[in-house]
Amino acid sequence: MKKLIAIALFSLALNTQAQIAENAEDVSPLLIGEKIPNIELANIDGKKIESDKILNKKTVLVVYRGGWCPYCNRQLADMQDIESQILDLGYQIVAISPDSPKFLKETESKDELNYALYSDSEGKLSQAIGIAFKKEKGKLDKYSEGKNPGFLPVPTVYVLNDKQEIEFMYINPNYGTRLKGELLLAVLKNL
């Protein structure tokens, strides 16, 4: 009986966390001290990989809307500009979006990125970390190659330790306002 109750509570907790907010202002993201759950993603070649294999060292995790978003492309370029400084501080950069691997390749080559991009085209990670909100399919359908059921992530930057625990976060429902590279570097230097 205790096992059944524990399973029911665990399922309820997962379902509560995996809800999709009605709009960007209503998301409930994981907070500092919490751990990023292990979710299957795809790399730019379409190979499936568990997030705990990707996030197994200190990481700057950037979750963005997609390569079609000009604000996202500016943020990705900003990360590229400071990548060597981030690496020197002992962190890797990982960027995740709802884009399919095909479109990740386009973003990587267009923006000349050296760091890793991963696909969360079904939105499982965005839901699990509480940053998904409902959005009409439109571009999502094309860029996720039909896998996204109709929601976007609120652009988010997490700084993680080597146990996937959140040490810093920046999230803003106004997708045009992003964390500046110099502020991120200041944070990393002080963690």
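Here the Debye sum runs over all C-alpha atoms of the range 40-133 as equal scatterers in vacuum, and log10 of I(q)/I(0) at q = 0.10, 0.17 Å⁻¹ comes out as -0.23, -0.69. For the range 109-161, the spread of Cα coordinates along the three principal axes comes to 30, 28, 14 Å, biggest extent given first.
With N set to the number of residues, divide the alpha-carbon radius of gyration of the range 120-191 by 2.2 N^0.38 Å and report two decimals.
1.28
Put the Cα centre of the range 38-73 next to the Cα centre of the range 140-191 and the gap is 10 Å.
Taking a threshold of 31 Å on the Cα-Cα distance, which of the pairs Lys147/Lys189; Lys58/Lys142; Lys53/Lys180; Lys53/Lys105 fall above it? With Cα atoms farther than 31 Å apart: Lys147/Lys189; Lys58/Lys142.
Gyration tensor analysis over the Cα atoms of the range 2-190 returns equivalent ellipsoid semi-axes of 25, 20, 16 Å (largest first, whole Å). Please compute the net charge surrounding Lys139, taking Lys and Arg as +1 and Asp and Glu as -1 over other residues with Cβ under 11 Å from its Cβ. Spelling it out: positives minus negatives among the neighbours equals +1. For the chain, averaging the sequence separation of C-alpha pairs within contact (under 8 Å, six or more residues apart) and dividing by the residue count gives a relative contact order of 30 percent.
Within the shell defined by Cβ-Cβ distances under 14 Å, the residues around Tyr170 carry a net charge of -1, with Lys and Arg each +1 and Asp and Glu each -1. For the chain, a simple Cβ point-charge model (Lys and Arg +1, Asp and Glu -1, everything else neutral) yields a dipole of about 460 debye relative to the Cα centre. Taking a sphere under 15 Å around the Cβ of Asp26 and counting the other residues whose Cβ falls inside, with K and R at +1 and D and E at -1, yields a net charge of 0.
Readers should treat all values here as calculations from the given coordinates under stated rules, not as data from a laboratory. Every value quoted in this text rests on a predicted model; they were computed, and no experiment measured them. FYI the Cβ positions are ideal-geometry reconstructions off the backbone, even for glycines, and counts take in every protein chain you see.
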